[in-house]
1. From the set of residues in the stretch B:102-122 that are over 22 Å from the mean Cα position of the chain (by Cα) and in contact (Cβ under 8 Å) with a residue 40 or more places away in the chain, which is farthest from the other protein chains (Cβ to nearest Cβ)?
2. When you check residue B:233 against the structure, is it within 12 Å of chain A (Cβ to nearest Cβ), free of Cβ contacts under 8 Å to residues at least 40 places away in the same chain and over 23 Å from the mean Cα position of the chain (by Cα), yes or no?
3. Determine which member of the set A:3, A:92, A:107 is more than 8 Å from chain B (Cβ to nearest Cβ) and basic (Lys, Arg).
4. Looking at (1) crowded, with 23+ Cβ neighbours inside 10 Å; (2) within 27 Å of residue B:253 (Cβ to Cβ); (3) more than 9 Å from chain B (Cβ to nearest Cβ), can you tell me which one residue A:98 breaks?
5. For residue A:185, are the conditions met, namely being within 20 Å of residue A:71 (Cα to Cα) and either surrounded by fewer than 21 Cβ atoms within 10 Å (Cβ to Cβ) or out of contact with any helix residue (DSSP H, G or I) (no Cβ under 6 Å at 6 or more places or on another chain) (or both)?
6. Of these, B:162, B:175, which one is facing another protein chain (nearest Cβ under 7 Å) and in a helix (DSSP H, G or I)?
7. Please verify whether the stretch B:217-239 includes one or more residues that are under 24 Å from residue B:144 (Cα atoms) and surrounded by fewer than 18 Cβ atoms within 10 Å (Cβ to Cβ).
Amino acid sequence: MRRLTWLVPALYVLFLLVPIYWLLNMSFKSTNEILGSFTLFPREFTLANYRKILTDPTWYGGYLNSLGYVLMNTVLSVATALPAAYAFSRYRFLGDKHLFFWLLTNRMAPPAVFALPFFQLYSAIGLFDTKVAVALAHTLFNVPLAVWILEGFMSSVPKELDETAFVDGYPFWRFFGRIFVPTIASGIGVAAFFCFMFSWVELLLAKTLTSVNAKPIVATMTRTASTSGYELGLLAAAGALTIVPGALVIYFVRNYIAKGFALGRV
Amino acid sequence: MREPGALPELQPGPPEAGQAGGRPAPSAIRSEAPPRRAPADGRTPNARAWWLVAPVVALVAFNAIVPLMTVVNYSVQETFGDNVFFFEGMKWFREVLGSSRFHQALQRQLLFTGIILLIEVPLGVAIALAMPRRGFWASVCLVLMAMPLLIPWNVVGAMWNLLALPDIGLLGRTLNGMGFDYNYTRQPLAAWATMVGMDVWHWTSLVVLLAYAGLSAIPEAYYQAARIDGASSWAVFRHIQLPKMKRVLLIAVLLRFMDSFMIYTEPVVLTGGGPGNATTLLSIDLVKIALGQFDLGPGAAMSLVYFLIILLLSWIYYTVMTRDGGQ
C-alpha cells in the first residue's frame with residue numbers, strides 16, 4: 001500500500017503532460033496532415049511552422065512585445081512594492097490596515113470590469129497601443145500581490161537586523177539597499193516570479209490596450225486563429241513557443257517554488 | 001531618487017542610542033541585542049512610513065480609482081452617443097439585478113466555482129501528501145507541476161481545444177472511439193466537462209504547491225512522536241498535517257475562488273460561451289454586454305455588482321475562517 005503512493009503524483013504529472021504532448025505533436029505536423037490523418041507521432045516531421053514564426057515579424061514581434069511589457073511590469077511592480085512592503089512589515093501608521101486591505105481588493109477585481117475604462121483612460125493620456133500601457137495596467141493586480149508576498153518574507157526577518165544597522169549609523173536607504181534587500185533576495189525572486197507569471201499569462205487587458213505596434217503574442221494568436229481559418233499547425237507551434245519563457249523561469253526558481261507558493265507564510 | 005539618509009526619521013533611534021552610550025556600536029552584528037519595549041505586534045509607530053507606500057498608492061490609485069469612477073459614472077447614466085449623457089439613477093442596477101440573463105450567468109458561475117473547488121482542493125491535498133518530501137524526484141514533481149501555471153491562458157484554451165476536437169483531438173477521438181458520443185461544441189454537458197477538466201488541469205497544481213509548502217514545514221520530530229504513539233495515518237493527517245496546512249490552504253481556497261470567479265480567457269477560447277449560452281460565465285457575459293454590444297450603462301452596473309459579489313464572498317470566507325482559527 002505505502003509503496004504505491006508514488007503512483008498518485010506520477011499519474012497526475014502524466015495527466016499534465018498529455019495536452020502539452022499533443023500540442024507539440026501538432027506543431028511538428030503540416031496542416032494537411034493534421035486535418036487528413038490521426039497519428040500519435042508526426043509522420044512527416046516538419047519544422048515549417050516554427051520557421052514561419054521565427055522569420056515573420058508579425059509573429060516574432062509579438063513575442064518581443066510580450067516579453068517587453070512583462071519585464072517592464074515585473075521591474076516596476078517589485079521596485080515600488082519593496083519600500084511599501086517594508087513599511088507594512090515594520091511600521092504602524094495612520095490607516096495602514098485599511099490601506100493593505102484596499103490594495104488586496106484590487107487583486108479581486110475582474111479584468112473584464114476594467115477592460116473598457118482602461119481602454120478609455122489609456123487612450124485619453126496617449127498611451128494606447130504602447131508596451132508601457134500594458135505594463136502599467138498589469139500593476140493593478142501585480143503590485144498588491146508583490147506587496148503581499150514581500151511583506152510575508154520581510155516579516156520573517158528579525159527586527160534586530162534593522163535596529164543593529166541603525167545603531168551602527170547606517171542611513172535608511174543605505175541599510176535598505178546594502179543590507180536588507182540582499183537578505184530577502186529569495187523573497188524578491190519569488191515576487192518577481194509571480195509578477196512575471198501573471199503578466200505573461202494575461203490576455204484580456206493586453207489585447208484591449210493594444211492594436212498594432214505593441215500587439216502581444218497572445219493576441220496575434222487569437223486573431224490568426226479567427227482570420228486565416230484552420231492553420232492549426234502554426235497555432236500549435238506558436239502555443240508551444242509561449243511555454244518556453246515560463247519553463248525557463250521555473251527552472252531558475254526551482255529551489256524556491258515550494259516556499260514561494262506559500263507566499264513566505266508557512 | 002532620494003539620496004541616502006534622506007529619511008533619518010525612519011530610524012527607531014533613541015532607546016538603542018541611549019543603550020549604546022550615544023556612540024555607534026563597533027560592529028554590525030552584536031552578540032547582545034538591547035532590551036526594548038516592542039508594541040503588541042512588533043511594529044514601530046511612524047507616520048513617515050507613508051512616504052514608503054506612496055509610490056504603490058499612486059500607481060494602484062491611478063489604475064483602480066480612475067477606471068472605477070468611470071464605471072460608477074456610466075452605471076447611473078444613459079447615453080445615445082455623441083458623449084451626451086442623462087442621469088438615470090438606479091435604473092441600470094434594478095435592470096441588472098432583475099434580469100434573468102444575469103441570474104443565469106451568476107448561477108453558472110457559482111456552479112462552476114463550486115465544482116472546481118470541490119475537485120481541486122481535495123485532489124491537490126491528496127497529491128501533495130503522496131509526493132516525495134525531498135530529493136531529486138521532489139524537484140522534478142515541483143517543476144513539472146508548475147508548468148501549467150505559466151502557460152498563457154489563451155494557449156491553455158487553444159491546447160484543450162486541439163485536444164478535445166472530436167475528429168482530430170486525442171481526447172475527443174479516443175472518447176468517440178470508445179463508443180461515447182462526445183462533441184463539446186454541440187453538447188452542453190460535454191462542454192462543461194471539458195471546461196472543468198481544463199480548469200483542473202490548469203490550476204490543481206497551485207493547490208498542490210501550496211499544500212506541499214505547508215507539509216514541508218512540519219518538523220520530522222512530529223512524525224516520530226506520532227509513530228511512538230502508534231497513531232494511524234488518518235490521525236497523523238487529522239491532527240498534524242491538516243492543522244499545519246491550514247494557513248496555506250486558506251490562501252489556496254481564497255485564490256482559487258477569486259480566480260475561478262473572474263475566469264474569462266480559457267472558456268472563451270475553448271467554447272466561446274456556447275453551445276448556446278451553456279458556458280457563458282459572468283465575465284464572458286459582461287464582455288459581451290460592455291465591449292460587444294457597447295451597452296455602457298447596464299455593462300457598468302453589472303461590473304459593479306460583479307465586483308461587489310467577489311469582495312463580499314471573499315470577506316465572508318476570510319472572516320469566518322480566521323475567526324474559527326483564533327479560538
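The values are calculated or read from the model by the stated rules, or taken from the named source; none is laboratory data. Nothing here was measured: the structure is a model prediction, and the numbers come from that model. Please note: Cβ atoms are built from the backbone with ideal geometry, for glycine as well, and neighbour counts cover all protein chains shown.
1. Going residue by residue through the stretch B:102-122, those that are over 22 Å from the mean Cα position of the chain (by Cα) are B:102-104.
Among the residues that remain, those that are also in contact (Cβ under 8 Å) with a residue 40 or more places away in the chain are: B:102, B:104.
On the way: B:102: 14, B:104: 17 Å.
Among those residues, the one meeting the criterion is B:104.
2. Working: within 12 Å of chain A (Cβ to nearest Cβ): yes; free of Cβ contacts under 8 Å to residues at least 40 places away in the same chain: yes; over 23 Å from the mean Cα position of the chain (by Cα): yes.
Here the answer is yes, as residue B:233 does meet what is asked.
3. On the way: A:92 fails: more than 8 Å from chain B (Cβ to nearest Cβ); A:107 fails: more than 8 Å from chain B (Cβ to nearest Cβ).
So the residue among A:3, A:92, A:107 that is more than 8 Å from chain B (Cβ to nearest Cβ) and basic (Lys, Arg) is A:3.
4. Just one mismatch for residue A:98, condition (1).
5. On the way: within 20 Å of residue A:71 (Cα to Cα): yes; either surrounded by fewer than 21 Cβ atoms within 10 Å (Cβ to Cβ) or out of contact with any helix residue (DSSP H, G or I) (no Cβ under 6 Å at 6 or more places or on another chain) (or both): yes.
So residue A:185 fits the description; yes.
6. Details: B:175 fails: facing another protein chain (nearest Cβ under 7 Å).
Going through B:162, B:175 in turn, just one is facing another protein chain (nearest Cβ under 7 Å) and in a helix (DSSP H, G or I): B:162.
7. Filtering the stretch B:217-239 down to residues under 24 Å from residue B:144 (Cα atoms) leaves B:217-218.
Going one step further and asking which of them are surrounded by fewer than 18 Cβ atoms within 10 Å (Cβ to Cβ), we end up with B:217-218.
Checked against the condition, which is being under 24 Å from residue B:144 (Cα atoms) and surrounded by fewer than 18 Cβ atoms within 10 Å (Cβ to Cβ), the stretch B:217-239 yields at least one hit.
Conditions tested, residue by residue: (1) assigned to a loop (DSSP other than H, G, I, E, B); (2) away from chain B (no Cβ under 11 Å); (3) modelled with pLDDT of 90 or more; (4) more than 23 Å from residue A:218 (Cβ to Cβ).
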residue	(1), (2), (3), (4)
A:34	no, no, no, no
A:38	yes, no, no, yes
A:43	yes, yes, no, yes
A:58	no, yes, no, no
A:68	no, yes, yes, no
A:76	no, no, yes, no
A:82	no, no, yes, yes
A:86	no, no, yes, yes
